[in-house]
Amino acid sequence: MKILPACVTVAALVAGCASMTAGAPGAVAELAPTQGNAAKGTVTFAPKGDGLVVTARVSGLTPGPHGFHIHEKGDCSAPDGTSAGGHFNPHGKPHGNPAAADHHGGDLPMLEADAAGNATLTVEIGGVTIGSGAGDIVGRSVIVHKDADDFRTQPTGNSGARVACGVIRKA
């Protein structure tokens, strides 16, 4: 058996621990289908600088674009997902494109489902946090909508019915 100097062993442990937590989500939502729908998946939120990295993997969608939002209540108990309330809007902004200056904290880019009904998205967002402040998303929900978000219609983006819902929990 080869014995390593203590400093090498400590350095290896620190590097190992760092690699285990690197990229780990700070919060996660497991999406379940609303009544009559098949959409399901996982959305993770990881801190990055002053914002969050959102990673979504969703299956069971109809091909094409789907509105995708953080909603104000962490309640997916209603069969149609309406118990999640409206879009999370901690800063009192109008609904809009998340790439624009004015938009709800809960406005996210659309999910684009492929021909098999699968969608993936990784995006950095600002104005929301994990575990602190007015922008805290923990205990809220993520909703995937049936239709595309027009990013204009107030306050919802005209995204249609809710096809999946998941409560955001600390990871």
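Quick note: the coordinates plus some simple rules give every number you see, no bench work behind them. What you see is a predicted model; the values in this text were computed from it and never measured. FYI the Cβ positions are ideal-geometry reconstructions off the backbone, even for glycines, and counts take in every protein chain you see.
Quick notes
- Evaluation of Ile130 against (1) surrounded by fewer than 17 Cβ atoms within 10 Å (Cβ to Cβ); (2) of a type in the set (A, V, I, L, M, F, W, C); (3) more than 24 Å from Gly160 (Cα to Cα) (one fails), failing number: (1)
- The set of residues from region 87-101 being within 15 Å of the chain's Cα centre (by Cα) and either over 29 Å from Gln35 (Cβ atoms) or outside any loop (DSSP other than H, G, I, E, B) (or both) comprises just one member, His87.
- Tally of residues being of a type outside the set (A, V, I, L, M) and outside any loop (DSSP other than H, G, I, E, B) across region 45-86: 15
- Scanning region 58-86 for residues that are of a type in the set (Val, Ile, Thr) and either farther than 17 Å from Asp114 by Cα or buried (at least 19 other Cβ atoms within 10 Å of the Cβ) (or both) turns up Val58, Ile70, Thr82.
- The residue pairs whose first member lies in region 153-171 and is closer than 19 Å to Gly64 by Cα, whose second member is of a type in the set (Phe, Trp, Tyr) and in a loop (DSSP other than H, G, I, E, B), and whose beta carbons are closer than 7 Å, counting only pairs six or more residues apart or on different chains, are Gly157/Phe151.
- Looking only at residues in region 113-158 that are within 18 Å of the chain's Cα centre (by Cα) and of a type in the set (S, T, N, Q), the one that is farthest from Ala100 (Cα to Cα) is Asn118.
- If the condition is being more than 14 Å from the chain's Cα centre (by Cα) and either crowded, with 23+ Cβ neighbours inside 10 Å or hydrophobic (A, V, I, L, M, F, W, C) (or both), then region 159-171 contributes Ser159, Ala161, Arg162, Val163.
- Filter pass, His104 being part of a loop (DSSP other than H, G, I, E, B), of a type outside the set (Asp, Glu) and buried (at least 24 other Cβ atoms within 10 Å of the Cβ): yes
- For the residues Thr55, Thr44, the requirement of being of a type in the set (S, T, N, Q), touching a residue at least 40 places away in the same chain (Cβ under 8 Å) and buried (at least 19 other Cβ atoms within 10 Å of the Cβ) singles out Thr44.
- Failed condition for Glu112, given (1) part of a loop (DSSP other than H, G, I, E, B); (2) closer than 19 Å to Ala29 by Cα; (3) touching a Leu at 6+ places or on another chain (Cβ under 9 Å): (1)
- Scanning region 87-101 for residues that are surrounded by fewer than 16 Cβ atoms within 10 Å (Cβ to Cβ) and in contact with a Pro (Cβ under 8 Å, 6 or more places away or on another chain) turns up Pro94, Ala99.
- Selection status of Asp150, exposed (fewer than 15 other Cβ atoms within 10 Å of the Cβ) and of a type in the set (Asp, Glu): yes
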